[in-house]
Each structure stands twice: as structure tokens, then as C-alpha cells.
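The values are calculated or read from the model by the stated rules, or taken from the named source; none is laboratory data. Everything quoted here is computed from the prediction, not taken from an experiment. Cβ atoms come from the backbone with ideal geometry, glycine included; neighbour counts cover every protein chain shown.
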Amino acid sequence: MPRLDHINIDVSDGARMVRFFAEVLGAEDGFRPPFDFPGHWIYVDGHPAIHLNVAPRANDFPRGMVNHVAFGVYGFEPTKARIEAAGWPYRITDIPDSEVGQFFVEGPEGLLLEVQFRRERPARG
């Protein structure tokens, strides 16, 4: 069965993007093979889920075919505290008729990161 292995993002400031994923997801910069171009592999739960290619450019890429990237977390309050402590702009939304809530966090270089969390399913009247 296929599974999503990783996302690959072109960035101009690798260190800033690494810090963003560490602050929001608790992810870690880890081993990356010695490719002939600069970059980072960001590990989520021990897996290199985010690959960053560092390529200088003057402006942010506009959002295009990929609107945003989403990860799931456990624990609303710890996640909210981590995002607020880091100072990244965010908003919270809910998926109607579900127990899923969402943080949408605005990251560096125009990246929009969705962080999903579970909450009690609303009672139906």
C-alpha cells in the first residue's frame, strides 16, 4: 500500500525553516546524505518527512499547486503553547461535524502549515 514518505520544499533560508518546524512540530534537523547541493532533512517521529533544498532567491514563491502541508499532533494545549511561544501567526478552525480542529500556521517564505488535532465531537441536537 503506498504511503506518503516525505515532502520536498525549495527554500532560501534553510536555518529559518528548520527552526520553524522545530518550534511548531518539535521536529529535528537530522542526517541527510551528502548530496551536491545544500539542504536539510527534518525528522518527524524519527522519519525524514520534510526535505529542504536550499536555493537562494530574491522573493518568496507564491502559493501554487500545493496550497499547504498538514501534520497531525496529539494535544491541543501543548501545541498551541509551542506555536504562541515561537511567535508564528496562526488561526484555529474546525472541520464541521468532526472531532478535528486545525491550526493554520504562517511560516517562513510563504509556507502555510496545517497542524490537526482531535477534540470531542460536538453533540448533535
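The number of residues in the range 1-30 being closer than 20 Å to E114 by Cβ and either hydrophobic (A, V, I, L, M, F, W, C) or buried (at least 17 other Cβ atoms within 10 Å of the Cβ) (or both) comes to 13.
Summed over the range 6-62, residues that are in a strand (DSSP E or B) and closer than 20 Å to Y74 by Cα total 8.
With the condition kept exactly as written, say whether any residue in the range 56-68 is modelled with pLDDT of 90 or more, surrounded by fewer than 11 Cβ atoms within 10 Å (Cβ to Cβ) and over 14 Å from the mean Cα position of the chain (by Cα). Please lay out each step first, then the result.
Taking the range 56-68 as the starting set, the residues that turn out to be modelled with pLDDT of 90 or more are none.
Checked against the condition, which is being modelled with pLDDT of 90 or more, surrounded by fewer than 11 Cβ atoms within 10 Å (Cβ to Cβ) and over 14 Å from the mean Cα position of the chain (by Cα), the range 56-68 yields no hits at all.
Of the residues making up the range 78-94, those that are over 19 Å from P108 (Cβ atoms) and among the aliphatic types (A, V, I, L, M) are A81, I92. Taken over the range 31-45, the criterion of being of a type outside the set (K, R) and either in contact with a Gly (Cβ under 9 Å, 6 or more places away or on another chain) or crowded, with 19+ Cβ neighbours inside 10 Å (or both) is satisfied by P38, G39, H40, W41, I42, Y43, V44.
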